[in-house]
1. Mind listing whichever residues of segment 86-108 are in a loop (DSSP other than H, G, I, E, B) and either hydroxyl-bearing (Ser, Thr, Tyr) or surrounded by 16 or more Cβ atoms within 10 Å (Cβ to Cβ) (or both)?
2. Out of segment 112-138, which residues are assigned to a helix (DSSP H, G or I), more than 19 Å from Gly60 (Cβ to Cβ) and modelled with pLDDT of 55 or more?
3. In segment 43-54, which residues are over 10 Å from the mean Cα position of the chain (by Cα), crowded, with 17+ Cβ neighbours inside 10 Å and of a type outside the set (Gly, Ala, Ser)?
4. Given (1) in contact (Cβ under 8 Å) with a residue 24 or more places away in the chain; (2) farther than 22 Å from Asn146 by Cα, where does Lys20 come up short, assuming only one miss?
5. Please state which of the following conditions Leu178 fails to meet, knowing it meets all the rest: (1) out of contact with any Cys (no Cβ under 7 Å at 6 or more places or on another chain); (2) open to solvent by less than 60 Å² (accessible area, probe 1.4 Å); (3) at pLDDT 75 or above.
6. Every residue in segment 139-170 that is open to solvent by 50 Å² or more (accessible area, probe 1.4 Å) and assigned to a loop (DSSP other than H, G, I, E, B), please.
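The values are calculated or read from the model by the stated rules, or taken from the named source; none is laboratory data. Nothing here was measured: the structure is a model prediction, and the numbers come from that model. Here the Cβ positions follow ideal geometry from the backbone for every residue, glycine too, while neighbour counts run over all protein chains shown. Each accessible area value is taken on the protein alone, full model and side chains, heavy atoms only, with ligands, DNA and RNA left out. Shrake-Rupley method; radii C 1.70, N 1.55, O 1.52, S 1.80 Å.
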Amino acid sequence: MRGYPKLTPFSVKGLFGWLKKAPDHLLVKSCVFHYEFEFIHPFADGNGRMGRLWQSLILGKWNPVFQFLQVENRVHASQQAYYDAINASSEKADCAPFIDFMLGEIHRTLDSRKGDPKNADIGIKNGLNIGINDTQKQILLLVKENRAITAAQLAGRIGIAQRNIETNLAQLKKTGLLRRVGAKRNGHCEIISQKEPGCTRFETHTKGTPA
């Protein structure tokens, strides 16, 4: 726990043991794990990001759709409310406020994606089949998740320079997985579904990417 570094290995081990054995639904377990990992605070930095990553992994085990609907993106959009929920749970010594908050964010994420075309993943699957690199896979997943993401935001999320992002975007366009639409400043890229000519494409805005 925070302030007791000698107990950290035991706390982390206990948390993973609970995750493995607890009978609760994975939706609830993912929220509890997220909060408790943040509370244990095993690292000097990055505990929140790791907690959100683990929640996404746990949710993905329950339903593969969460491999594309990353918890990180919802939290980024509601950052202050996220920290308020953590503080409320800490003050009460009860993770219920945080669980309520995260379940609400998950529900809103799912609700917002009801109208997405069913073949939106085809471009990504084609990319995996022809052998794209890890950075390009992350780009496709983030582009699919966030329709307003920019090249600069992609660089921040993935943790590499924007120039590298632009290089990878160019390579994705060259392989036919992304397509440029509109002008350089105000245009956007779309993930191309190659299932059949003229089929629905999943469109997303990535302002500031190269033409």
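1. Narrowing segment 86-108 to residues in a loop (DSSP other than H, G, I, E, B): 93-95.
Cys95 - this is the single residue of segment 86-108 that is in a loop (DSSP other than H, G, I, E, B) and either hydroxyl-bearing (Ser, Thr, Tyr) or surrounded by 16 or more Cβ atoms within 10 Å (Cβ to Cβ) (or both).
2. Of everything in segment 112-138, those that are assigned to a helix (DSSP H, G or I), more than 19 Å from Gly60 (Cβ to Cβ) and modelled with pLDDT of 55 or more turn out to be Thr135, Gln136.
3. Trp54
4. With respect to (1) in contact (Cβ under 8 Å) with a residue 24 or more places away in the chain; (2) farther than 22 Å from Asn146 by Cα, Lys20 is out only on (1).
5. The one condition Leu178 does not meet is (1).
6. Selection gives Asn146, Arg147, Ala148, Gly159, Ile160, Ala161.
Conditions tested, residue by residue: (1) open to solvent by 50 Å² or more (accessible area, probe 1.4 Å); (2) in contact (Cβ under 8 Å) with a residue 12 or more places away in the chain; (3) over 17 Å from the mean Cα position of the chain (by Cα).
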{"position": "His34", "(1), (2), (3)": "no, yes, no"}
{"position": "His41", "(1), (2), (3)": "yes, yes, yes"}
{"position": "Ser56", "(1), (2), (3)": "no, yes, no"}
{"position": "Gly60", "(1), (2), (3)": "no, no, no"}
{"position": "Pro64", "(1), (2), (3)": "yes, no, no"}
{"position": "Asn73", "(1), (2), (3)": "no, yes, no"}
